1. Conditions: (1) out of contact with any Gly (no Cβ under 6 Å at 6 or more places or on another chain); (2) within 16 Å of ligand 3 (Cβ to nearest atom). B:Asp305 meets all but one. Number of the miss?
2. Tell me which strands (runs of 3 or more DSSP E) are completely within the range A:1-78 and hold 3 or more residues being more than 14 Å from every other protein chain (Cβ to nearest Cβ), or say none if there are none.
3. Restricting to the range A:161-183, give me the number of residues that are part of a loop (DSSP other than H, G, I, E, B) and hydroxyl-bearing (Ser, Thr, Tyr).
4. Here is a check on your reading of the model: is A:Val193 in a helix (DSSP H, G or I), closer than 18 Å to A:Val121 by Cβ and either in contact with a Gly (Cβ under 9 Å, 6 or more places away or on another chain) or not aromatic (Phe, Trp, Tyr) (or both)?
5. Out of all the residues in the range A:61-80, which are more than 20 Å from B:Thr266 (Cβ to Cβ) and within 16 Å of ligand 2 (Cβ to nearest atom)?
6. Do any strands (runs of 3 or more DSSP E) entirely within the range A:236-298 hold 3 or more residues that are within 26 Å of A:Glu223 (Cβ to Cβ) and either more than 10 Å from chain B (Cβ to nearest Cβ) or open to solvent by 40 Å² or more (accessible area, probe 1.4 Å) (or both), and if so, which?
7. What number of residues within the range B:30-46 satisfy the criterion of being open to solvent by 10 Å² or more (accessible area, probe 1.4 Å) and either closer than 15 Å to B:Ala278 by Cβ or assigned to a helix (DSSP H, G or I) (or both)?
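The values are calculated or read from the model by the stated rules, or taken from the named source; none is laboratory data. The shown structure was predicted, so the numbers you read here are calculated from the model rather than taken from an experiment. Cβ coordinates were reconstructed from backbone atoms using ideal geometry, including for glycine residues, and neighbour counts include every protein chain displayed. Surface accessibility is based on the protein's heavy atoms, side chains included, excluding ligands, DNA and RNA. Shrake-Rupley method; radii C 1.70, N 1.55, O 1.52, S 1.80 Å.
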Amino acid sequence: MTRTIAAREGAGVVQLEAEVIGNVAAGSYRHLTLVTPGLAELARPGQFVALSVGDGTSSMLLRRSFSIHKVSPAGTYGGTTEIVVAAHGAGTRLLTALEPGESVGVIGPLGRGFPLPAQPVPCVLVGGGYGSAPLFWLAEQLRERGCAVEMVLGAASADRLFGVVEARRVGDGVTVTTDDGSVGVRGWVSDVVPDLIESTGAAVVYGCGPMGMLRSLSAIADEHGIVAQVAVEEAMACGIGVCMTCVMPVRDESGTTSMVRSCLDGPVFRGDRVRWEAFEDGYCRVPEDAVGAPTVVR
Amino acid sequence: MSTPAPAVDMSVDIGGVRLPSPMMTASGCAANGREIHRFIDITALGAFVTKSVKLDPVSGRGTPRMAETPSGMLNSIGLQGPGVRAFVEKDLAWLHSIGARVIVSIAGNTASEFARVARTIVRSRYASAVAALEVNISCPNVANRGLVFACDPAGAHKVLTLVREEVPRGLPMVAKLSPDVTDIVEIADVVLRAGAHGLTMINTTLGVAIDTDRLRPHLVAATGGLSGPAIRPTAVRAIWQVAGAMREGRIRAAPIVGVGGVRHGTDALELVAAGATAIQVGTAAFNDPSAPHRVGVELEQLVADRGFERLADVVGIAHERFTA
Ligand SMILES: Cc1cc2nc3c(=O)[nH]c(=O)nc-3n(C[C@H](O)[C@H](O)[C@H](O)COP(=O)(O)OP(=O)(O)OC[C@H]3O[C@@H](n4cnc5c(N)ncnc54)[C@H](O)[C@@H]3O)c2cc1C
Ligand SMILES: Cc1cc2nc3c(=O)[nH]c(=O)nc-3n(C[C@H](O)[C@H](O)[C@H](O)COP(=O)(O)O)c2cc1C
Ligand code: FES
């Protein structure tokens with residue numbers, strides 16, 4: 001059974017014990033459908049949900065975050081939220097094993113979604129692995145605004161692609177890349193994106209996927225003088241802005257860099273605002289010019 | 001059918017300030033209020049405890065600054081914050097505007113920096129929202145190259161002495177202690193002698209997690225503070241030892257704010273029975289943002305179920321019922 005735990009008037013977010021009504025395979029991922037009354041009406045593409053692992057006695061205390069793939073405001077079950085989950089570690093293994101009828105703690109919608117262009121301009125949408133999950137809903141909204149939508153889906157291998165069939169439905173064109181060449185073009189999404197930007201005259205690149213991919217999309221967008229809007233993944237303990245674990249160095253309009261919370265100010269950032277050079281070998285260091293950065297003691 | 005509403009007096013006294021509820025957020029685990037106020041009404045808590053604020057803006061450490069551990073987590077946030085002036089104008093102003101009772105957690109690199117932060121808070125135009133100051137002496141003392149004030153009796157004494165000079169009469173000053181010391185009773189004694197009106201126990205305890213794929217420390221800072229249910233026995237132990245010393249008259253009696261691994265009402269009851277007057281909920285709020293409120297409801301029911309009419313009657317009761 002689904003049960004609302006906390007949602008203060010006008011807060012724009014709900015906390016629920018949500019019933020799982022679907023869990024089906026999608027390549028090497030699981031596609032979960034959750035009953036989430038009140039959440040669907042609030043959500044926008046690019047926002048995410050934070051799921052708890054196990055009940056109030058679980059030894060895994062921290063929530064796991066997942067992009068919202070799709071919401072349906074009022075189906076047979078009331079509002080539902082769909083997510084695509086890769087079994088990565090112990091927590092996601094438990095979540096991907098949830099059976100219909102079981103329940104899971106959900107908080108959402110969280111973060112800021114993808115900004116939509118004011119004008120009907122061509123857009124290129126790039127998803128890496130499960131990172132394509134939020135892009136189909138985004139594509140629909142862009143098309144409704146008259147934007148032409150070119151989709152690029154990339155993954156290590158064919159089984160790690162998500163939504164190729166759906167992309168054909170919502171995109172004006174679809175390119176698939178795999179590292180091993182098992183399907184589509186052999187190589188990375190960054191190998192095909194520059195040509196697509198040029199051929200479509202794209203004004204915006206939207207990206208969701210691994211950090212390395214987002215970094216190169218941002219560089220490509222810069223080279224073409226256009227904007228990249230990328231949804232990042234930084235390790236999050238709470239997802240709601242109270243713990244300060246999810247920070248990244250990001251510049252504001254005036255050029256000042258601060259360590260901002262990616263769960264609250266993101267997960268979508270303009271690619272040219274992120275200080276990508278601070279990320280190296282799994283660590284992200286505080287740039288020396290960031291607000292409040294430690295002064296080097298000699 | 002429905003259980004009758006428990007009629008328990010849950011009010012608490014922290015160094016002369018009366019709070020309607022024992023429940024508080026833990027410093028650093030609820031930011032400065034706005035985000036968690038979307039889930040619970042923070043004005044209904046006994047007090048809202050802010051993230052520790054320092055004099056100047058602090059970026060905190062790089063990432064990863066968090067690692068999940070069994071029933072807990074390690075963090076090395078590094079006291080990220082906007083600095084006390086921005087804190088007053090933005091955060092304290094907002095807390096004041098909604099009518100929250102605020103315990104401002106203060107920190108500093110030197111004893112005099114603590115005092116300047118305290119001065120800025122108590123002289124600000126929003127000082128009426130401040131119910132107490134919590135002096136976080138459990139953060140590293142940069143001037144002494146990584147020494148923590150709470151591990152150094154002389155340093156702890158100096159911080160509390162200087163802060164006390166800034167605090168007006170009637171505003172309690174609570175010292176937050178680290179469990180990472182040989183004798184926590186000694187440190188409690190020192191800060192109480194320096195004028196602390198109460199103690200908060202405990203801050204996180206130092207740990208390291210190794211990334212077993214890369215075979216190097218998971219946190220960019222290598223070490224981090226362990227929190228969550230994993231440290232509850234350590235918190236209960238610290239409270240037990242210090243409350244015991246107070247009962248035996250070895251140190252001055254003062255209220256203890258219990259914190260460490262509280263996730264459910266029974267956890268809070270454990271800390272209360274060991275000697276805690278009030279309860280803070282930290283890491284559990286990352287899992288359930290309603291926890292600081294929910295635990296209070298559960299605690300009230302548990303106290304009623306055991307036949308007590310006042311929470312105060314349960315504080316430290318385990319000492320009376322313990323016959324060794
Ligand atoms: C905004 C956002 C959207 C995401 N969307 C999706 C999605 O649609 N589908 C999907 O499969 N995964 C998504 N992820 C990644 C997913 O959250 C992690 O794979 C998952 O948290 C790993 O948990 P675990 O227990 O399996 O791994 P563990 O490594 O055991 O997790 C330990 C801790 O580290 C955190 N953590 C570990 N890896 C990541 C990561 N890559 N990103 C963030 N936190 C991490 C966990 O949340 C947990 O707190 C998203 C992450 C973020 C931040
Ligand atoms: C992410 C995080 C940040 C914290 N920041 C602070 C802080 O700024 N000041 C402080 O006194 N304690 C801080 N703490 C410690 C908590 O207030 C609390 O003492 C500790 O986490 C134990 O309680 P818990 O197990 O309920 O979390 C922090 C803890 C965590 C997990
Ligand atoms: S995940 Fe806690 S502040 Fe962002």
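1. Just one mismatch for B:Asp305, condition (2).
2. Details: elements: A:3-6, A:14-26, A:29-35, A:48-51, A:64-67, A:70-75.
Answer list for the range A:1-78: A:14-26, A:29-35, A:70-75.
3. Quick first cut of the range A:161-183, residues part of a loop (DSSP other than H, G, I, E, B) only: A:161-163, A:171-172, A:179-183.
Still in the running and hydroxyl-bearing (Ser, Thr, Tyr): A:182.
Of the residues in the range A:161-183, 1 are part of a loop (DSSP other than H, G, I, E, B) and hydroxyl-bearing (Ser, Thr, Tyr).
4. Numbers: in a helix (DSSP H, G or I): yes; closer than 18 Å to A:Val121 by Cβ: yes; either in contact with a Gly (Cβ under 9 Å, 6 or more places away or on another chain) or not aromatic (Phe, Trp, Tyr) (or both): yes.
Considered against the rule, which asks whether it is in a helix (DSSP H, G or I), closer than 18 Å to A:Val121 by Cβ and either in contact with a Gly (Cβ under 9 Å, 6 or more places away or on another chain) or not aromatic (Phe, Trp, Tyr) (or both), A:Val193 comes out as yes.
5. Our first condition is that a residue be more than 20 Å from B:Thr266 (Cβ to Cβ); within the range A:61-80, this holds for A:62-80.
Hits for the range A:61-80 are A:Leu62, A:Arg63.
6. Values: elements: A:247-251, A:257-261, A:268-270.
Filter on the range A:236-298 gives A:268-270.
7. Here the count works out to 4.
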